[in-house]
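Below: the structure, in structure tokens.
The values are calculated or read from the model by the stated rules, or taken from the named source; none is laboratory data. Just so you know, these numbers come straight off a predicted model, no measurement behind them. Ideal geometry is used to build each Cβ from the backbone, glycine not excepted, and the neighbour counts take in all protein chains shown. Only protein heavy atoms, including side chains, enter the accessible area calculation; ligands, DNA and RNA are left aside. Shrake-Rupley method; radii C 1.70, N 1.55, O 1.52, S 1.80 Å.
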Amino acid sequence: LSGPESQDHLVGEFGRIAVEFLRKGTNPKIYEGAARKLSVDAETVQHGVEGLMYLLTESSKLMISEVDFQDSVLVLGFTEELNHLLQQLYLENRKEIRHILGELTPSLPHYHNLEWRLDVQLASRALRQQVKPTVTMKLHLEESGGDKSAKVLQTDPATLMHLIQELEKALAELKTTHCRRILRNIK
Amino acid sequence: MELSESVQKGLQSLADATFFDMKTFSVFIEVAFRSLLSAHADRSVLDQPEFKRLDQKLLKHCHTAATTCILEGVKQNADKSTISACLEDVGFDAERTEVFYTTYQVITNLLCYSFKIHSRSQPQTVFFLILIQYFGYRFSLGRCPPHINDVSWRLEYCIKNGHVHKVNEPSYLISLNVENANNGGSSEDLHFSCTMEQLQVANMNLNGCIPF
């Protein structure tokens, strides 16, 4: 990147390609197109882009400060303008890159939405003349890859009240002194 | 109440004093109700000393007839006059009809007593709960979506993971214990995670479900 062929706009273009590859995956044809324009090997272009991708992912993963980022790229011997350009690239894209990296983490399905319906069962094949209140719920969950699923569940009013009480206890726990101390001090 | 010919014949045998004297009859009726209310089938339910002298084939026939009659009565929410008329048609005398109906009423009387104890507070809640208990064992028949029985939760604070450091976010792991009535009553846990904000929204939605 610091070779005579590189210029700020070229680095900017490589940076754009690197971020795009992080979003959607690599595309070897891009390397060939860029190599032809620059009259260099496709392999050289590939190394440059992959180097930028590594720099961005590692910096975003560790969430390093601007000072630490500058110190890290200083050893590469780039010009001050190039260092600044790289820092801008990092700061503008780190939030998105962290989100992409977060999707690689093994995780459980997470809550997306909850629909509900209150019914009263009046009769069935086994039993006539019923008055059975039932809450039917559709719990929408989302996997880390974006796949969505929906589970239809049912419960009775007594269990529903128990569920609400338990979940309120769970929410109240976050406001206790112990949890607040942890959240405040581990940053 | 419409009963099949086989059930009617079984009840007619039950009404016959040459097969079932009053003591044997009373024990038999109690056994018949108990066998319906227990969670698991008990093969030894008819191994009572009072039944030793009876023909086993007749005993089983009468047991099937009695339990079918009880289930049909509960299913139709039959009152005393309906049950009495049905039993009289198959030859029950007044005493046997009374023994049968008295045992039938024991369930409802026990629940009414509970209602009186709790009636000072949350009468609507108790009313719904008593109704559910009254028909509780019959509710287990039939098809329905998986039923939520319980919920467990875990609050955790994620510091970092293999791909992202300095996450520093709390999250909840919720496990719903769900019973699948259509699959032999098998139960499973449904796990999902959520943020505090999502849990607040979910709890608000659940609060909206309460019918009173």
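Enter the per residue convex hull volume of segment A:96-141, computed from alpha-carbon coordinates, in Å³ rounded to the nearest integer.
92
Under unit Cβ charges (Lys, Arg +1; Asp, Glu -1), what dipole magnitude, rounded to 20 debye, does the protein assembly as shown have relative to its Cα centre?
That gives a dipole near 1000 debye.
Give the residue from A:Leu74, A:Leu10, A:Leu183 lying farthest towards the positive end of the charge dipole for chain A; charges sit on Cβ (+1 for Lys and Arg, -1 for Asp and Glu) and the dipole is referred to the Cα centre.
A:Leu183
Please determine, in degrees from 0 to 90 and to the nearest 10, the orientation of helix A:42-62 with respect to the longest principal axis defined by the Cα atoms of chain A, where the helix direction is its Cα long axis.
Around 50 degrees separate the two axes.
When you look at the Cβ of every residue in A:113-121, what mean number of other chain Cβ atoms sits within 10 Å?
Mean shielding by partner chains, rounded to a whole number: 3.
Tell me, what is the percent relative contact order of chain A, built from C-alpha pairs under 8 Å that lie six or more residues apart?
Reported as a whole number, the value is 14 percent.
Search the structure for amide H atoms under 5 Å from the amide H of B:Asn149, placed 1.01 Å from N in the peptide plane, and list their residues when 5 or more places away or on another chain.
For B:Asn149, whose amide H was placed from the backbone, the distant partners under 5 Å are B:Asn177, B:Val178, B:Glu179.
For the charge dipole of segment A:126-187, defined by +1 on Lys and Arg C-beta atoms and -1 on Asp and Glu C-beta atoms about the Cα centroid, which residue among A:His140, A:Ala170, A:Thr159 has the Cα displaced farthest towards the positive pole?
A:Ala170
So how far apart, in nm, are the two label points at B:Gln56 and A:Lys187 if each is 7 Å from Cα heading toward Cβ?
Going by the 7 Å Cα→Cβ label model, 8.0 nm.
Arranged from highest to lowest average of other beta-carbon atoms within 10 Å per residue, in what order do the peptides B:51-58, A:94-101 appear?
Ranking the peptides B:51-58, A:94-101 by packing returns A:94-101, B:51-58.
Just tell me how shielded B:150-163 is by partners: mean number of partner chain Cβ atoms within 10 Å of each residue's Cβ, no decimals.
Average neighbour count from other chains, rounded to a whole number: 5.
What ³J(HN,Hα) values, in whole Hz, does the Karplus curve 6.51 cos²θ - 1.76 cosθ + 1.60 give for segment A:134-142 when θ = phi - 60°, with x put for Gly and Pro?
Here the 3J(HN,Hα) series is 9, 9, 9, 10, 10, 9, 8, 10, 10 Hz.
Tell me the angle of helix A:8-24 to the major Cα principal axis of chain A, expressed in degrees between 0 and 90 and rounded to the nearest ten.
Its long axis makes an angle of about 30 degrees.
Which value, in Å², gives the accessible area per residue of segment A:1-149 when a 1.4 Å probe is used on the protein heavy atoms?
In whole numbers, segment A:1-149 has 60 Å² accessible per residue.
So the label point goes 7 Å from the Cα of B:Arg143 along Cα→C-beta, right? Which residues of segment A:101-130 then have their backbone N under 14 Å from it?
Within reach of a label on B:Arg143, which here means backbone N under 14 Å from a point 7 Å along Cα→Cβ, segment A:101-130 contributes A:125-126.
So how long is each side of the protein assembly as shown along the principal axes, counting just the alpha-carbon atoms, biggest first, in Å?
Principal extents (Cα only, largest first): 115, 47, 35 Å.
I'd like the mean, over residues of B:165-178, of how many other protein chain beta carbons sit within 10 Å of each residue's own Cβ.
4
Can you give me the angle between helix A:157-173 and the longest principal axis of chain A, using Cα atoms only, in degrees from 0 to 90, rounded to the nearest 10?
That works out to roughly 40 degrees.
Leaving out ligands, DNA and RNA, what percent of the accessible area of segment A:1-106 is carbon and sulfur, probe 1.4 Å?
About 53 percent, which is the carbon plus sulfur part of the accessible surface.
Restricting to lysine pairs 8 or more places apart or on different chains, what number in segment A:18-98 have Cα atoms under 24 Å apart?
Within segment A:18-98, the lysine pair count is 5.
Computed over the Cα atoms of segment A:16-105, what is the convex hull's projected area averaged over all directions, in nm²?
For segment A:16-105, the mean projected area of the Cα convex hull comes to 6.2 nm².
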